[in-house]
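Chemist: Before we start, here is the structure in question, set down as structure tokens.
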Amino acid sequence: MLQLTVSCGLYLARLNPSSSNSLIRNFPLYAFCTLSSTQMNLSNKLTFSHIFQKCSNFKALNPGKQAHAQMIVSGFVPTIYVANCLLQFYCKSSNMDYAFKVFDRMSQRDVISWNTMIFGYAGIGNMGFSQSLFDSMPERDVVSWNSLLSSYLHNGVNQKSIEIFVKMRLLKIPHDYATFAVVLKACSGIENYGLGLQVHCLAIQMGFQNDVVIGSALVDTYSKCKKLDDAFKVFHEMPERNLVCWSAVIAGYVQNDRFIEGLKLFKDMLKVGIGVSQSTYASVFRSCAGLSAFKLGTQLHGHALKSDFGHDSIIGTATLDMYAKCDRMSDALKVFMTLPSPPRQSYNAIIVGYARQDQGLKALEIFQTLQRTYLGFDEISLSGALTACSVLKGHVEGTQLHGLAVKCGLGFNICVANTILDMYGKCGALMEAGLIFDEMERRDAVSWNAIIAAHEQNEEIEKTLKLFVSMLRSTMEPDDFTFGSVVKACGGQQALNYGMEIHGRIIKSGMGLDWFVGSALVDMYGKCGMLMEAEKIHYRLEEQTTVSWNSIISGFSSQKQSENAQRYFSQMLEMGVIPDNFTYATVLDICANMATVELGKQIHAQILKLQLHSDVYIASTLVDMYSKCGNMQDSRLMFEKAPKRDYVTWSAMICAYAYHGLGEEAIKLFEEMQLLNVKPNHTIFISVLRACAHMGYVDRGLHYFQKMLSHYGLDPHMEHYSCMVDLLGRSGQVNEALKLIESMPFKADDVIWRTLLSNCKMQGNVEVAEKAVNFLLQLDPQDSSAYVLLSNVYANAGMWGEVAKIRSIMKNCKLKKEPGCSWIEVRDEVHTFLVGDNAHPKSEEVYEQIHLLVDEMKFAGYVPDIDFMLDDEVEEQDPYEGLRTTACSVRYTLLDHGIVTNSLTQPSNETVERI
């Protein structure tokens, strides 16, 4: 506690040894209220004015109040200067009650007294009283006007600040450099380029063009208005450049996502010997974050440490944010832990970082830690925590945070409201999302994007499009994210007409060549089967990014045009575009569909090299690729080595067993998954039901089918009914299968009827087969497979008259079976063979080997079964031809490896393994 003793007119300031206020220790032993007439050594003594100024600088309220109390007790009457110092102290300490009392009791007030009070009340957000004080001033100077301008600016009322400046012009109040600096800041706040340009012209007219403060403000204004060329021109023409203007131009480039240019300017600044400030470091760290330039970021971190900024909270926050955006959360956490007293901004950066890295639980833990500190949370902290709930699909946790936002008065903050809206959308709670949206007092583009994306993600295309129309009617202009969501919705539902209409709107808006919107359009046209349109848009894009290449590759892949998809992947690599996780997963899926295991292995090797194998989706695709290429051993190995297994990974492995007829293993794995509390999805149940069908487990299949809805709340889809029809049909319960189809809540498709028809052939049920064919032909009268399958049923039942009728109908309608096809990959080249095809360059050699093989079969006594072949097939096609498509593939491989010659020899096991 500060003890003041009066002695010989001098106020002796002694520090109590038990004092906890370290600030007072910095004061000298003696403190004088005024300068004495005698010559004193001022380096050892302080006046009251100096004490108030020091307390003001350190915001040390209690020592300042004690000095004020001593001044009153001593009977000292302060001069205007001392009273103004006292006013400034209370205003800076935000203690406006005491400030007003001092101001009210001042016998004399000058302009500084009034200006200080205006600033003080503006500092606590009371602009009404600040304006009243300004209006009550007996006389005003340019500083008074600047104070009012600055007060409105600091309270975010940029337009009012500009109006005050206009009033100054009308009243012909003189301007100084501070006036222009403040009004330019207001122009940047509302991003009004035209007004900023006018103020710039006025500054030149009044001779301020060479002022470094105004120059820095102009650089900032043009940068915020996205006019970087003008900003750099002002910077380049400045005769003198200090740290502030360098920081402003670097920040301008970084704010406009011109990260590389910003870093080049930083390098130039260092070359001319300008020191580095907090704001400069913050800008360059943001550049590294935007570029994901981890190595450069670590170098700049070292530079900051060398410059003795290691414990600076602002730079520390920028550094950990950079590490977080470079996917280095462990390094970000280390920086966070080294900060002596992390500010709220640091907590916010680490929370948002974890949320972006899909580590929602850790983000929520940091948020809880922040809540327990004296700092408290703000809208950014809360938004980060809500994003973490979105990542976790944590509807309960998100609802709790929603309640916390309402309780703390942040529920109507537009940033928080948008994040709550997004959280409910990602958790599938569309009703709650709609209520939040309807209750919002103000909606910006992010609000509309969030509600549109929420319905798109939940596959409600009609509502998505209605919301898009409502957005247009509200005069809110869609941005690239809006168009991306709406186009994605059209692609997901294959709504081509809607998609084309929106494409027209996109072209009118001038975003037709934007890479983000363009990639969404490529994806939409690809999913709708309009691959030529997709190609045209892809080649017209201003920038062909990884996303746009992914869209065109996945478009061809989804339309079963795997060769073209592979061709685009090759072009992508030739263009130097770096593939990402999605690219590799898509190409692996293509390899799986084409059974090109060699290419799949090469992609797998590249994934290991890039350390992408930890990605859950890639691990799942590797399991699927190896299984579809017939390599169950490697498929199981990929499953076992997967670092994380979600329902997609389990689904891939269960599907693999089911497709290979290993029903027992599939069911066993499904039971194991349930023990680990992994919730199955629709795809897993398809595989399990298929496995039950292969194994003939009717009761177990029915149990799983009923459990889908009763235990997991999953409504059976068409595929599940198809599996159940197959299960019942294989077990001889064809009539029960028909009853199941008739009880379905939706109309059966061709796959279900064809499945039933195939089972009728096995069970010899002609009556049900005829019903199935009738429904199949209603769906597609030109379906040749329906006639062929029915003909087989009749033939199997010995009804040759009906078989003849079917053959006659097919002949009259000119219906033919699609020719058989097989292919094989040899030395990175895929060779395709069709029935009766002579297009292959080595077809003569291949067929020569096939003829030898057929002769061997005839000699061994094998006779082809032609009962199920149509008349024209018997006449036009060798009965052995169906065998030859597959045999061609095998024989070509043997020929290519030099394993067979003109003699028909059986390859050794070693040879087959090598192939």
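The values are calculated or read from the model by the stated rules, or taken from the named source; none is laboratory data. Just so we're clear, the structure is a prediction, and the values are computed from it rather than from any experiment. We place every Cβ from the backbone using ideal geometry, glycine too, and count neighbours over all the protein chains shown.
Chemist: Within segment 484-493, is there a residue that is under 30 Å from residue 387 (Cα atoms) and not in a helix (DSSP H, G or I)?
Modeler: Taking every residue of segment 484-493 in turn, at least one turns out to be under 30 Å from residue 387 (Cα atoms) and not in a helix (DSSP H, G or I).
Chemist: Counting just the residues of segment 151-190 that are loosely packed, with under 14 Cβ neighbours inside 10 Å and under 35 Å from the mean Cα position of the chain (by Cα), which one comes out nearest to residue 141 (Cα to Cα)?
Modeler: 159
Chemist: Continuing with the same structure: Looking at (1) at pLDDT 90 or above; (2) more than 51 Å from the chain's Cα centre (by Cα); (3) of a type in the set (Gly, Ala, Ser), which is the one condition that is false for residue 107?
Modeler: It is condition (1) that residue 107 fails.
Chemist: Within segment 406-413, can one find any residue that is crowded, with 20+ Cβ neighbours inside 10 Å and assigned to a helix (DSSP H, G or I)?
Modeler: no
Chemist: In addition: State which residue is surrounded by the most Cβ atoms within 10 Å (Cβ to Cβ) when the search covers only segment 598-634 and only residues that are of a type in the set (Lys, Arg) and farther than 11 Å from residue 652 by Cβ.
Modeler: Only one residue tops the list, namely 601.
Chemist: If the requirement is being assigned to a loop (DSSP other than H, G, I, E, B), surrounded by 17 or more Cβ atoms within 10 Å (Cβ to Cβ) and of a type outside the set (A, V, I, L, M), which of these qualifies: 336, 367, 309?
Modeler: 309
Chemist: Confirm whether residue 377 is out of contact with any strand residue (DSSP E or B) (no Cβ under 8 Å at 6 or more places or on another chain) and assigned to a loop (DSSP other than H, G, I, E, B).
Modeler: yes
Chemist: Follow-up question, since we're still on this one. Of these, 488, 560, 508, 536, which one is among the charged types (D, E, K, R), at positive phi and surrounded by fewer than 24 Cβ atoms within 10 Å (Cβ to Cβ)?
Modeler: Numbers: 488 fails: at positive phi; 508 fails: at positive phi; 536 fails: at positive phi.
Residue meeting the stated conditions: 560.
Chemist: Go through segment 312-333 and give me each residue that's assigned to a loop (DSSP other than H, G, I, E, B) and more than 25 Å from the chain's Cα centre (by Cα).
Modeler: 312
Chemist: Taking residue 547 and the conditions (1) surrounded by 22 or more Cβ atoms within 10 Å (Cβ to Cβ); (2) of a type in the set (A, V, I, L, M, F, W, C); (3) under 19 Å from the mean Cα position of the chain (by Cα), which numbered condition does it fall short on, given that it satisfies the others?
Modeler: Evaluating residue 547 over (1) surrounded by 22 or more Cβ atoms within 10 Å (Cβ to Cβ); (2) of a type in the set (A, V, I, L, M, F, W, C); (3) under 19 Å from the mean Cα position of the chain (by Cα) leaves (1) as the failure.
Chemist: Report yes if residue 195 is modelled with pLDDT of 90 or more, touching a helix residue (DSSP H, G or I) at 6+ places or on another chain (Cβ under 7 Å) and part of a helix (DSSP H, G or I), otherwise no.
Modeler: So residue 195 passes the test.
Chemist: When residue 532 is evaluated against the numbered criteria (1) without any contact (Cβ under 8 Å) to a residue 24 or more places away in the chain; (2) closer than 21 Å to residue 589 by Cα, which criterion, by number, is the only one it fails?
Modeler: Failing condition for residue 532: (2).
Quick grid of which residues meet (1) touching a residue at least 24 places away in the same chain (Cβ under 8 Å); (2) buried (at least 20 other Cβ atoms within 10 Å of the Cβ); (3) among the hydrophobic types (A, V, I, L, M, F, W, C):
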residue: 724; (1), (2), (3): yes, yes, yes
residue: 730; (1), (2), (3): yes, yes, no
residue: 750; (1), (2), (3): yes, no, no
residue: 761; (1), (2), (3): yes, yes, no
residue: 765; (1), (2), (3): yes, yes, no
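Chemist: Given the structure, is residue 346 touching a helix residue (DSSP H, G or I) at 6+ places or on another chain (Cβ under 9 Å), polar (S, T, N, Q), under 23 Å from residue 432 (Cβ atoms) and assigned to a helix (DSSP H, G or I)?
Modeler: It is false that residue 346 is touching a helix residue (DSSP H, G or I) at 6+ places or on another chain (Cβ under 9 Å), polar (S, T, N, Q), under 23 Å from residue 432 (Cβ atoms) and assigned to a helix (DSSP H, G or I).
Chemist: State which residue is farthest from the chain's Cα centre (by Cα) when the search covers only segment 284-306 and only residues that are of a type in the set (Gly, Ala, Ser) and either surrounded by fewer than 16 Cβ atoms within 10 Å (Cβ to Cβ) or under 17 Å from residue 333 (Cα atoms) (or both).
Modeler: Ranking the candidates gives 302 first.
Chemist: Mind telling me which of the residues 346, 341, 330 ends up being under 22 Å from residue 282 (Cα atoms) and modelled with pLDDT under 90?
Modeler: 341
Chemist: Something else: Take the conditions hydrophobic (A, V, I, L, M, F, W, C), surrounded by fewer than 17 Cβ atoms within 10 Å (Cβ to Cβ) and over 24 Å from residue 674 (Cβ atoms) and apply them to residue 637. Does it pass?
Modeler: No: the conditions fail for residue 637.
Chemist: Among the numbered criteria (1) within 45 Å of the chain's Cα centre (by Cα); (2) surrounded by 17 or more Cβ atoms within 10 Å (Cβ to Cβ), which single criterion is violated by residue 137?
Modeler: Residue 137 satisfies every listed condition except (1).
Chemist: Here is a follow-up. I'd like to check which helices (runs of 4 or more DSSP H) are fully inside segment 640-729 and have at least 1 residues that are over 23 Å from residue 629 (Cα atoms).
Modeler: 663-675, 682-695, 698-712
Chemist: So which residues in segment 429-455 are within 19 Å of residue 472 (Cβ to Cβ) and either in contact with a strand residue (DSSP E or B) (Cβ under 7 Å, 6 or more places away or on another chain) or in a loop (DSSP other than H, G, I, E, B) (or both)?
Modeler: 440, 442, 443, 444
Chemist: Within segment 247-279, work out how many residues are within 15 Å of residue 228 (Cβ to Cβ) and assigned to a helix (DSSP H, G or I).
Modeler: 15
Chemist: Further question: Please go through segment 46-64 and pick out each residue that is hydrophobic (A, V, I, L, M, F, W, C) and assigned to a helix (DSSP H, G or I).
Modeler: Once the filter is applied, which keeps residues that are hydrophobic (A, V, I, L, M, F, W, C) and assigned to a helix (DSSP H, G or I), segment 46-64 yields 48, 51, 52, 55, 58, 61.
Chemist: Then there is this: Can you name the condition, by its number, that residue 320 falls short on among (1) more than 22 Å from residue 279 (Cα to Cα); (2) at pLDDT 90 or above?
Modeler: Looking at each condition in turn, residue 320 falls short on (1).
Chemist: Out of 425, 403, I need the residue that is surrounded by fewer than 19 Cβ atoms within 10 Å (Cβ to Cβ) and not in a loop (DSSP other than H, G, I, E, B). Which one?
Modeler: 403
Chemist: Out of all the residues in segment 463-518, which are closer than 21 Å to residue 546 by Cβ and polar (S, T, N, Q)?
Modeler: Matches in segment 463-518: 485 only.
Chemist: Return yes when residue 474 is of a type in the set (Ser, Thr, Tyr), in contact (Cβ under 8 Å) with a residue 24 or more places away in the chain and surrounded by fewer than 24 Cβ atoms within 10 Å (Cβ to Cβ) and no when it is not.
Modeler: yes
Chemist: Scan (1) without any contact (Cβ under 8 Å) to a residue 24 or more places away in the chain; (2) closer than 23 Å to residue 188 by Cβ; (3) surrounded by fewer than 21 Cβ atoms within 10 Å (Cβ to Cβ); (4) not acidic (Asp, Glu) for the single condition residue 125 breaks and write down its number.
Modeler: Single failed check for residue 125: (1).
Chemist: Would you be able to tell me the number of residues in segment 205-232 that are surrounded by 17 or more Cβ atoms within 10 Å (Cβ to Cβ) and in a helix (DSSP H, G or I)?
Modeler: 16
Chemist: Do any residues in segment 452-464 that are touching a residue at least 12 places away in the same chain (Cβ under 8 Å) have Cβ atoms under 8 Å from those of residues that are in a helix (DSSP H, G or I) and among the polar types (S, T, N, Q), where the two are at least six apart or on different chains, and which pairs are they?
Modeler: These pairs meet every condition: 452/464; 452/482; 452/485; 453/485; 455/464; 456/464; 456/485; 464/485.
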